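Undergrad: One structure, pasted below without further comment.
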Amino acid sequence: MPAQPEGAPVWADAMFPDLEAAKGFYAELFGWSYDPSAEEFGNYTQATDGDGKHVAALSPQMPGMEGVPASWNLYFATSDIDAAAERIKSAGGTLAMDPMQVGDFGTMVTAQDPTGCYFGVWQPGSHEGFEKVNEPGAFCWAEVNSRDAAKTDAFFTSVFPYEVKKMADEHIDFNVWQLEGRPALGRMQMTDEFPEHVPSYVNVYFVVEDCDAAVATVERLGGKLHFGPLDTPFGRFAAVGDPQGAALSVIDVTAATGEMPQLD
């Protein structure tokens with residue numbers, strides 16, 4: 001697998017108070033199976049799709065994090081974790097942990113941007129990241145939902161070499177961050193429709209074969225529908241919450257309708 005450009009989304013995981021319940025939920029929603037939990041790494045558990053490709057990971061909450069809401073975390077690629085950590089601090093971000101080597105898999109940092117959005121940075125070793133994307137059960141897109149879009153834009157473009165393109169839509173403040181001329185992820189200004197207690201966060205999208213069926217599964221298993229389903233030029237999607245409160249989005253990329261928006 002070729003090296004990903006600096007700042008490309010390369011991995012996603014989530015911590016849960018009840019790991020076994022989370023495994024059961026996502027197995028039914030996405031058809032995931034799981035590798036044996038890695039006890040030496042806090043029972044970190046990698047998920048695989050029907051082809052046995054690693055697509056994400058789940059883990060129990062670490063000691064001392066009891067009461068912290070469950071959430072999905074996105075990791076951005078770097079070839080130099082120490083340099084990335086310094087850029088994070090110089091741009092006004094905060095390191096939640098210093099660079100930490102994870103066996104021979106790679107080295108990671110967890111950080112927050114100036115608006116409080118958590119994210120990870122990953123310098124790969126033997127674990128290069130997603131083994132499949134853009135197919136059912138796999139990651140396809142992510143957006144930084146920000147309480148202060150100007151701060152978020154300034155921070156992330158200082159840490160990573162993103163080229164910012166603004167979506168030409170007067171009804172939404174949405175930017176696309178590009179790498180090497182291709183969209184890497186989005187940034188959306190959070191509106192009054194978001195509950196006041198929800199901080200800035202990364203919204204991770206996973207592909208499903210049928211958005212409406214996926215929403216029905218989420219609700220049947222005790223999760224919540226937050227928004228949608230909605231038809232867009234990128235596919236039919238919905239924002240949901242799993243039964244433990246972790247937010248994510250599901251999208252049927254084959255159900256795209258309408259013209260692609262212009263980017264300035």
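The values are calculated or read from the model by the stated rules, or taken from the named source; none is laboratory data. On a predicted model such as this, the values are computed, not experimentally measured, just so you know. Cβ coordinates were reconstructed from backbone atoms using ideal geometry, including for glycine residues, and neighbour counts include every protein chain displayed. Keep in mind that these areas ignore ligands, DNA and RNA; they rest on the heavy atoms of the full protein, side chains included. Shrake-Rupley method; radii C 1.70, N 1.55, O 1.52, S 1.80 Å.
Undergrad: Net charge near VAL144: determine it from the other residues with C-beta under 13 Å of the C-beta of VAL144, scoring Lys and Arg +1 and Asp and Glu -1.
TA: Combined, the nearby Lys, Arg, Asp and Glu give -2.
Undergrad: Taking the alpha-carbon distance from LYS23 and a cut-off under 28 Å, which lysines remain once sequence neighbours fewer than 8 residues away in the same chain are dropped?
TA: Excluding near neighbours in sequence, the set is LYS53, LYS132, LYS224.
Undergrad: Run down the aspartates and glutamates and flag those whose C-alpha is under 19 Å from the C-alpha of LYS151, throwing out any fewer than 8 positions away in its chain.
TA: GLU86, ASP113, GLU143, GLU163, ASP173, ASP192, GLU196
Undergrad: Considering the Cα trace of the range 61-176, what is its radius of gyration and what is Dmax, both in angstroms?
TA: Taking only Cα atoms of the range 61-176, I get Rg and Dmax of 15.4, 48 Å.
Undergrad: Between rounded, prolate and oblate, where does the range 1-40 land on the alpha carbon gyration tensor, with a ≥ b ≥ c its root eigenvalues, rounded for a/c under 1.5, else prolate if a/b exceeds b/c? List each step's numbers first, then the result.
TA: On the way: a/c = 2.22, a/b = 1.89, b/c = 1.17.
Here the range 1-40 falls in the prolate category.
Undergrad: Would you tally the net charge around GLY181, using a Cβ to Cβ cut-off of less than 13 Å, leaving GLY181 out, and scoring K and R as +1, D and E as -1?
TA: Charge balance in the 13 Å sphere: 0.
Undergrad: Would you mind counting up the charge near THR107? Only other residues with Cβ under 12 Å from its Cβ, with Lys and Arg at +1 and Asp and Glu at -1.
TA: Within the 12 Å Cβ shell, the charges total -4.
Undergrad: Expressed as a whole number of Å, what is the distance separating the alpha-carbon centroids of the range 37-63 and the range 96-164?
TA: 18
Undergrad: Then there is this: Where is the GNM fluctuation largest for the chain (alpha-carbon springs, 10 angstrom cutoff): ASN203, ASN73, ASN43?
TA: Evaluated over the chain, the most mobile residue of the options is ASN43.
Undergrad: Please give the per residue volume of the convex hull enclosing the alpha carbon atoms of the range 150-250, rounded to a whole number of Å³.
TA: Per residue, the Cα convex hull of the range 150-250 comes to 125 Å³.
Undergrad: Considering Cα pairs under 8 angstrom that are at least six residues apart, work out the relative contact order of the chain and quote it in whole percent.
TA: Here the relative contact order equals 17 percent.
Undergrad: How much length is gained if the chain between ALA27 and GLU259 is pulled fully straight, taking 0.36 nm per residue apart and subtracting their Cα-Cα distance, in nm to one decimal?
TA: 80.1 nm
Undergrad: By what distance, in whole Å, do the Cα atoms of the chain stretch along each of the three principal axes, largest value first?
TA: Dimensions of the chain along the principal axes of its Cα atoms: 50, 45, 38 Å.
Undergrad: I need to check one value: relative contact order of the range 160-264, counting alpha carbon pairs closer than 8 Å and at least 6 residues apart, in percent. Kindly include the intermediate steps, with their values, before the conclusion.
TA: Values: 190 pairs, mean separation 25.1, N = 105.
Averaging sequence separation for qualifying contacts and normalising by length gives 24 percent for the range 160-264.
Undergrad: If you don't mind, there's one more thing I want to ask. Find the accessible area per residue for the range 120-264; the probe is 1.4 Å, ligands and nucleic acids are left out, and the unit is Å².
TA: 50
Undergrad: Assign unit charges at the C-beta atoms only (+1 for Lys and Arg, -1 for Asp and Glu), then state the dipole size of the chain relative to its Cα centre in Debye, rounded to the nearest 20.
TA: Computed charge dipole of the chain: roughly 280 debye.
Undergrad: OK, next. Springs between alpha-carbon pairs under 10 angstrom, Gaussian network model over the chain: which of ALA149, ALA213, ALA84 fluctuates most?
TA: Evaluated over the chain, the most mobile residue of the options is ALA213.
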